[in-house]
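Colleague: Submitted below is the structure of interest, expressed as structure tokens.
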Amino acid sequence: MDGSRMYVFSSRPRVVEDPWKPRWSPSGRMQLKHGNIMRDPRVFRGNVSSQPLKFARAPLDSADMRTQEERTSGAVGPKRVRRKFRPRTPEPVQGRKHLEIQTESYLEELSDIPVVKEIECQTDAFLDRPETPIFIPAKTGKDAETQIDEGDLFDFEEEVRPILEILVGKTLEQSLLEVMEEEELAALMAQQRAFLERRNNQLPEVHRLQEQERRRREERERRMAEQKRALQEEKEVVEKIAARALTQQQLADLVPSVLASLRREGYFYDPVERDVETHFFPRLMEDVQRVLQKNCRARELLDEIIYEVTQRRLEGFEVLETSDP
């Protein structure tokens, strides 16, 4: 740095990276370095003896393995590109699957249950902790003393005077307040008695006015009810008159036609004429019919007699004719 110029920082400033971001930035050019080992994803946190083994899972086919590998691979950038172009195992034939097996010279039994051993040891008897002594701070400074005579710091006669004045003043003030309160209560009681007397004197007048108002209200309601009833009756009378006029107008031509039709049907008749028609004419017709029947029977008998006589005479004439030569 030269004395005539200011100091200039030569490095280019950069943004502080967020430790919660993934290991690879979206551009794939910078990898985060973990300062805390507990944030390193390569470190397993927990009980290593209970870590599940990979072979304990169900075997997956090639398509499932590829999907799981793509799902679990959170890395981006060159590593993903290299994994993408890495040669893969050829697909299995129809009806077969790829399985993970051991290719070592000596096979080893794998298990997810760790080996456990029980070991015992003897410890000393438990000793009680002694009580903690009381803490006494170390003494600092120097001791000094002085002599105070009676009356140097406090004089009772002088010091008690303002207190007594306050007590006496408060007592007198409280007494005056109590006396004023009693006088105010007495005035209130006197005012209440006067009010009660005035109200008792005004009660008859109030009752009279209330009774008068009640009678007026009842009279008004009664007159209104009578007026409503009169209007209702008048309305009914008008309706009846209108109905009667309409009925008379309608029945003016209806009664003659009804009477004529009833007369034609026989509902209106002369008693004598009906008696003659129902009693005299039937008997007369029966008698005439009986006489006619007798006459017809007599004529039939006469015709038969005449026929027999003529037949006999005809037979006699024939006999005479046959007997003559």
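The values are calculated or read from the model by the stated rules, or taken from the named source; none is laboratory data. From a predicted model like this one, the values you see are computed outputs, not experimental measurements. A quick note on method: Cβ atoms are made from the backbone with ideal geometry, for glycine too, and the neighbour counts reach across all protein chains shown. Accessible surface areas use protein heavy atoms only, side chains included; no ligands, DNA or RNA. Shrake-Rupley method; radii C 1.70, N 1.55, O 1.52, S 1.80 Å.
Colleague: Any residue at all in segment 240-254 that is farther than 27 Å from TYR267 by Cβ, open to solvent by 100 Å² or more (accessible area, probe 1.4 Å) and among the charged types (D, E, K, R)?
Modeller: yes
Colleague: Hey, another quick one. From ALA190, ALA138, which residue is surrounded by 10 or more Cβ atoms within 10 Å (Cβ to Cβ) and among the aliphatic types (A, V, I, L, M)? Before the answer, list the steps.
Modeller: On the way: ALA138 fails: surrounded by 10 or more Cβ atoms within 10 Å (Cβ to Cβ).
One residue alone meets the criteria, ALA190.
Colleague: Within segment 144-169, which residues are surrounded by 10 or more Cβ atoms within 10 Å (Cβ to Cβ) and either of a type in the set (Val, Ile, Thr) or not in a loop (DSSP other than H, G, I, E, B) (or both)?
Modeller: VAL160, ARG161, GLU165, ILE166, LEU167, VAL168, GLY169
Colleague: Condition check: surrounded by fewer than 10 Cβ atoms within 10 Å (Cβ to Cβ), among the basic types (Lys, Arg) and without any contact (Cβ under 8 Å) to a residue 24 or more places away in the chain. Does ARG263 satisfy that?
Modeller: Criteria not met by ARG263.
Colleague: Also, quick follow-up: So is LEU185 out of contact with any Phe, Trp or Tyr (no Cβ under 9 Å at 6 or more places or on another chain), modelled with pLDDT of 85 or more and open to solvent by 100 Å² or more (accessible area, probe 1.4 Å) or not? Before the answer, list the steps.
Modeller: Working: out of contact with any Phe, Trp or Tyr (no Cβ under 9 Å at 6 or more places or on another chain): yes; modelled with pLDDT of 85 or more: yes; open to solvent by 100 Å² or more (accessible area, probe 1.4 Å): no.
Considered against the rule, which asks whether it is out of contact with any Phe, Trp or Tyr (no Cβ under 9 Å at 6 or more places or on another chain), modelled with pLDDT of 85 or more and open to solvent by 100 Å² or more (accessible area, probe 1.4 Å), LEU185 comes out as no.
Colleague: Just need a number here: residues in segment 266-293 that are at pLDDT 85 or above and open to solvent by 90 Å² or more (accessible area, probe 1.4 Å).
Modeller: Going through segment 266-293 one residue at a time, the tally reaches 7.
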